[in-house]
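Single-structure report; data block below.
The values are calculated or read from the model by the stated rules, or taken from the named source; none is laboratory data. Just so you know, these numbers come straight off a predicted model, no measurement behind them. Cβ: placed from backbone, ideal geometry, glycine included. Neighbour counts: every protein chain shown. Each accessible area value is taken on the protein alone, full model and side chains, heavy atoms only, with ligands, DNA and RNA left out. Shrake-Rupley method; radii C 1.70, N 1.55, O 1.52, S 1.80 Å.
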Amino acid sequence: DTGVSQNPRHKITKRGQNVTFRCDPISEHNRLYWYRQTLGQGPEFLTYFQNEAQLEKSRLLSDRFSAERPKGSFSTLEIQRTEQGDSAMYLCASSFREGRTGYEQYFGPGTRLTVT
Amino acid sequence: GEDVEQSLFLSVREGDSSVINCTYTDSSSTYLYWYKQEPGAGLQLLTYIFSNMDMKQDQRLTVLLNKKDKHLSLRIADTQTGDSAIYFCAENQAGTALIFGKGTTLSVSS
């Protein structure tokens with residue numbers, strides 16, 4: 001088990017460009033979550049999937065953000081027409097319910113986005 | 001709305017115990033978690049507790065839950081310099097989005 005992986009680890013882009021991030025969850029985990037973290041704050045929820053289905057989206061997720069998980073395995077998060085306020089660490093987590101466990105979420109290392 | 005509050009800083013000496021406190025507002029929370037984040041890294045799940053439990057111990061970590069007061073604490077025994085990090089309290093109902101506090105920065109001096 002290699003854990004949750006995210007690519008790229010760092011992305012610098014100019015305002016107005018589109019960016020896409022990828023998350024590979026722990027294999028057999030059926031839930032996948034995206035969070036955003038800015039300096040000095042805790043992570044804020046963006047959206048999550050169970051298998052291919054997007055079950056919940058935060059009000060933070062503007063129309064410029066879209067996430068997919070087409071085959072129920074990896075997920076992508078795209079930000080269109082980036083703004084400086086999008087600069088943050090984007091974190092992905094995955095989870096699986098087994099027995100009496102409670103869908104504990106395991107996080108990847110994050111993708112740090114800088115919009116110039 | 002739901003909210004999770006933590007004190008921002010804690011400073012202890014190596015070998016002492018550390019106690020990090022957290023309060024939450026959502027009475028329907030069923031799971032409460034502690035995560036650790038080191039500089040530039042993702043979040044590491046340390047431990048969690050079901051809302052029907054009062055206490056959970058895992059090696060040097062002890063979690064206490066007072067459901068009536070909606071108060072959660074994390075005690076780290078024999079704190080080491082490697083424990084220096086930001087500690088986040090979080091809550092949710094099973095499988096849903098985690099609500100995080102702003103984190104407590106633990107500084108351990110030798």
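Figures for the structure shown
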quantity: Residue selected from the range A:107-116 under the condition part of a strand (DSSP E or B) and surrounded by 20 or more Cβ atoms within 10 Å (Cβ to Cβ), by the criterion nearest to the other protein chains (Cβ to nearest Cβ); calculated: A:F107
quantity: Listing of strands (runs of 3 or more DSSP E) fully contained in the range B:57-110 that carry 2 or more residues being within 13 Å of the chain's Cα centre (by Cα) and within 27 Å of A:K57 (Cα to Cα); calculated: B:85-92
quantity: Candidate set: the range B:28-45, residues that are open to solvent by less than 70 Å² (accessible area, probe 1.4 Å) and over 15 Å from A:P43 (Cβ atoms); chosen: the one farthest from the other protein chains (Cβ to nearest Cβ); calculated: B:S28
quantity: Count of the range B:13-37 residues which are at pLDDT 95 or above, under 28 Å from A:P109 (Cα atoms) and not in a strand (DSSP E or B); calculated: 1
quantity: Wholly within the range A:1-63, strands (runs of 3 or more DSSP E) carrying at least 2 residues that are over 25 Å from B:K36 (Cβ atoms) and touching a Ser or Thr at 6+ places or on another chain (Cβ under 8 Å); calculated: A:10-13, A:19-24, A:53-57
quantity: Matching residues in the range B:1-22 - criterion: being surrounded by fewer than 17 Cβ atoms within 10 Å (Cβ to Cβ) and hydroxyl-bearing (S, T, Y); calculated: B:S7, B:S11, B:S17
quantity: Flag if A:T38 is open to solvent by 20 Å² or more (accessible area, probe 1.4 Å) and either at positive phi or away from every other protein chain (no Cβ under 13 Å) (or both); calculated: no
quantity: Residue count, the range A:82-104 (criterion: at pLDDT below 95 and either open to solvent by 50 Å² or more (accessible area, probe 1.4 Å) or among the aliphatic types (A, V, I, L, M) (or both)); calculated: 5
quantity: Residue list for the range B:46-68, filter: touching a Phe, Trp or Tyr at 6+ places or on another chain (Cβ under 9 Å) and either under 22 Å from A:R36 (Cβ atoms) or within 13 Å of chain A (Cβ to nearest Cβ) (or both); calculated: B:L46, B:T47, B:Y48, B:I49, B:F50, B:S51, B:K56
quantity: Residue count, the range A:42-51 (criterion: surrounded by 14 or more Cβ atoms within 10 Å (Cβ to Cβ) and either over 21 Å from A:K11 (Cα atoms) or more than 12 Å from the chain's Cα centre (by Cα) (or both)); calculated: 4
quantity: Of all residues in the range B:58-110 being at pLDDT 95 or above and of a type in the set (D, E), the one that is least open to solvent (accessible area, probe 1.4 Å); calculated: B:D83
quantity: Candidate set: the range A:1-20, residues that are open to solvent by less than 70 Å² (accessible area, probe 1.4 Å) and over 25 Å from B:G101 (Cα atoms); chosen: the one nearest to the other protein chains (Cβ to nearest Cβ); calculated: A:P8
quantity: Options A:I79, A:I26; residue that is at pLDDT below 95, of a type in the set (V, I, T) and surrounded by 14 or more Cβ atoms within 10 Å (Cβ to Cβ); calculated: A:I26
